[in-house]
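Asker: The following block contains the structure, expressed as structure tokens.
The values are calculated or read from the model by the stated rules, or taken from the named source; none is laboratory data. Note that the coordinates shown come from a computational prediction; the quantities given were computed from them, not determined experimentally. Cβ: placed from backbone, ideal geometry, glycine included. Neighbour counts: every protein chain shown.
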Amino acid sequence: MTIVQKYGGTSVGTLDRLRNVARRVAARAAEGEQIAVVVSAMGKTTDDLLSLARAVNPRPPRRETDLLMATGEMVSSALLTMALVEMGCPSVALTGAQAGVFTDDTFGRARIRGIDTWRMEEEFAQGHVVVVAGFQGQSPQGDYATLGRGGSDTSAVALGAALRAKQVEIYTDVQGIYTSDPRIEPNARCLKDIASEEMLEAAQQGAGVMHPRAVELGLLYEIPILVASSQAEFGSGNGTLIRGKVEMEPENRVRTIALDRDVASVTLRHIPDRPGIASQLFGPLADAGVSVDTIVQNASELQLTDLTFTVTKDDWERTQEISRPLAGELGAADVLFDHDLVKVSLIGTGMQSGPGYAATMFRSLSDAGINIELITTSEIRITCLVRADRGEEAVRVLHSAFALDQEI
Ligand code: ADP
Ligand code: ASP
Ligand code: MG
């Protein structure tokens, strides 16, 4: 059985840490395991590469941006392999393309279309540990394409599915999945396990610890994902297991709180309330590749309505370019743009069956004087948009209101 391990940027951020990773991998390989290791770029390398790109061109071409960003993971995979070989552990470094990862050509957020494992299998047959550059694959034209920020998680789970791994191990700079980002709430508690659908919502709502598509793939291919610290001893029982079903706790409730800073909103005020308006607005946005998140249309008054939607900051400029003239054509009185917002979400499958979660959420925020700009829900989530400067406080207020620091 093959093991897939992934080590994030901080875990390979210095040569000492990289050697620590090599020791861990070599120890598992010595036990006779067949191992594929996926690595992220060292430390803040990807951010630094993006800064370089923007320094020479404020809107760098997407294809070349991907080519540049892909180098980060190649550096760490080559260095980790060198460290492994130095320790006497036979291994080989592969780029995403060499590992057989094929993607579409949506640069910057490419999706994996398939993985051809022949090269990895060949290396395994020779007793090699395979070290794969995460976050990248090969487009149909043979270009480097990256999977979106944090995408190495997705590389790892996709490889896990292709290699039929029993479990994918994601090693990072925290002990596992917490009741909220431990950097925001020091009393956050590390969970023993979390249901895939809860983790998927959390990841989609900004819990940066896992890339959403990685969780999606884990769910689709029924692969359990262990998230654990790259510093803790292997097998010490640390870490959080993300898996299909979690035993219901007697009083199931909110599992985790997520904060998403990557949000901007557009409001069209007083547009005519007639059929076709939404498609005239969202059609062109979709054609431009903008993915719209939340959409809220309020009750109409005198055949006029207000429509608000949110997008990611990455799509912000394009959204303004498209919606400003459209607002005029659609007869809106006004169009407002706001990027000074964040989303705070409560997530938990137990919330489906218990009433009162929303009421407690709204009351706690109001008691803290935090204004709610917009509310959206799914079956297992309640999300409030609040002003950016109150976001972290909102997380802490809710963490304590739902007593998430205490074991049930
Ligand atoms: P890596 O480089 O290993 O991929 P990331 O920085 O992408 O690491 O993810 C780990 C970080 O995610 C943690 O340092 C933590 O601040 C943040 N985080 C956000 N939400 C959570 C959560 N619910 N549980 C644990 N970590 C979280
Ligand atoms: N290096 C990439 C990033 O920083 C991918 C990853 O770390 O998962 O987004
Ligand atoms: Mg990450």
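Asker: Give the residue that is farthest from ligand 3 (Cβ to nearest atom), with candidates limited to residues of region 166-202 that are without any contact (Cβ under 8 Å) to a residue 40 or more places away in the chain and either within 16 Å of the chain's Cα centre (by Cα) or more than 27 Å from Thr310 (Cα to Cα) (or both). Steps first, please.
Answerer: Residues of region 166-202 that are without any contact (Cβ under 8 Å) to a residue 40 or more places away in the chain, as a first pass: 182-183, 186, 200.
Filter again for either within 16 Å of the chain's Cα centre (by Cα) or more than 27 Å from Thr310 (Cα to Cα) (or both), leaving 186, 200.
Working: Pro186: 21, Leu200: 15 Å.
So the residue we want is Pro186.
Asker: Can I ask one more? Could you please tell me which pairs satisfy a Cβ distance under 8 Å, a separation of 6+ or placement on different chains, a first residue in region 296-311 that is in contact (Cβ under 8 Å) with a residue 60 or more places away in the chain, and a second residue that is of a type in the set (A, V, I, L, M, F, W, C) and in a loop (DSSP other than H, G, I, E, B)?
Answerer: Thr310/Val263; Thr310/Val292
Condition check ((1) more than 22 Å from Thr383 (Cα to Cα); (2) of a type outside the set (Ser, Thr, Tyr)) across all residues:
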| residue | (1), (2) |
| --- | --- |
| Lys192 | yes, yes |
| Ala195 | no, yes |
| Gln205 | no, yes |
| Val215 | no, yes |
| Leu219 | yes, yes |
| Pro224 | yes, yes |
| Ala228 | yes, yes |
| Ser236 | yes, no |
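Asker: Counting just the residues of region 119-135 that are within 16 Å of ligand 2 (Cβ to nearest atom) and in a loop (DSSP other than H, G, I, E, B), which one comes out nearest to Leu163 (Cα to Cα)? Spell out the reasoning first.
Answerer: Within region 119-135, the first condition is being within 16 Å of ligand 2 (Cβ to nearest atom), and the residues that meet it are 131-135.
After this cut, where a residue has to be in a loop (DSSP other than H, G, I, E, B) as well, the list is 134-135.
Details: Gly134: 15, Phe135: 17 Å.
Looking at the filtered set, the residue picked out is Gly134.
Asker: Checking Gly142 against (1) within 16 Å of ligand 2 (Cβ to nearest atom); (2) farther than 29 Å from Ala26 by Cβ, only one condition comes out false. Which one?
Answerer: Going through (1) within 16 Å of ligand 2 (Cβ to nearest atom); (2) farther than 29 Å from Ala26 by Cβ one by one, Gly142 breaks only (1).
Asker: Right, something else. From the set of residues in region 203-219 that are of a type in the set (Gly, Ala, Ser) and in contact (Cβ under 8 Å) with a residue 60 or more places away in the chain, which is nearest to ligand 3 (Cβ to nearest atom)?
Answerer: From region 203-219, those of a type in the set (Gly, Ala, Ser) are 203, 206-208, 214, 218; that's our starting set.
Add one more test, that the residue is in contact (Cβ under 8 Å) with a residue 60 or more places away in the chain, and what stays is 206, 214, 218.
Values: Gly206: 13, Ala214: 9, Gly218: 15 Å.
Only one residue fits best here, namely Ala214.
Asker: State the number of residues belonging to region 1-47 that are within 10 Å of ligand 2 (Cβ to nearest atom), out of contact with any helix residue (DSSP H, G or I) (no Cβ under 8 Å at 6 or more places or on another chain) and assigned to a helix (DSSP H, G or I).
Answerer: 1
Asker: What strands (runs of 3 or more DSSP E), lying completely within region 294-408, carry at least 3 residues that are crowded, with 16+ Cβ neighbours inside 10 Å and over 21 Å from the mean Cα position of the chain (by Cα)? Walk me through it before giving the result.
Answerer: Details: elements: 295-297, 304-311, 334-338, 341-347, 374-378, 381-387.
Qualifying strands (runs of 3 or more DSSP E): 304-311.
The rows are residues; the columns are (1) more than 17 Å from Gly134 (Cβ to Cβ); (2) within 16 Å of ligand 1 (Cβ to nearest atom); (3) surrounded by fewer than 18 Cβ atoms within 10 Å (Cβ to Cβ); (4) of a type in the set (A, V, I, L, M, F, W, C).
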site: Asp16; (1), (2), (3), (4): yes, no, yes, no
site: Asn20; (1), (2), (3), (4): yes, yes, yes, no
site: Ser51; (1), (2), (3), (4): yes, no, yes, no
site: Ser77; (1), (2), (3), (4): no, yes, no, no
site: Thr81; (1), (2), (3), (4): no, no, no, no
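Asker: With respect to the numbered conditions (1) part of a helix (DSSP H, G or I); (2) surrounded by fewer than 20 Cβ atoms within 10 Å (Cβ to Cβ); (3) modelled with pLDDT of 95 or more, which one is the sole condition not fulfilled by Ser279?
Answerer: (3)
Asker: Looking at (1) farther than 14 Å from Leu307 by Cα; (2) touching a strand residue (DSSP E or B) at 6+ places or on another chain (Cβ under 9 Å), which is the one condition that is false for Val335?
Answerer: Every listed condition holds for Val335 apart from (1).
Asker: Please go through region 1-10 and give me each residue that is within 13 Å of ligand 1 (Cβ to nearest atom) and under 23 Å from Ala162 (Cβ atoms), ordered by number.
Answerer: Start the filter on region 1-10 by keeping residues that are within 13 Å of ligand 1 (Cβ to nearest atom), which leaves 5-10.
If the condition is that a residue be within 13 Å of ligand 1 (Cβ to nearest atom) and under 23 Å from Ala162 (Cβ atoms), then Gln5, Lys6, Tyr7, Gly8 are the ones that fit.
Asker: Please specify each residue of region 152-189 satisfying the condition of being under 24 Å from Phe124 (Cα atoms) and within 13 Å of ligand 2 (Cβ to nearest atom). Even if it seems obvious, please write down each step before you answer.
Answerer: Keep residues of region 152-189 that are under 24 Å from Phe124 (Cα atoms), which gives 152-171.
Across region 152-189, the qualifying residues are Ser152, Asp153, Thr154, Ser155, Ala156, Val157, Ala158, Ile170, Tyr171.
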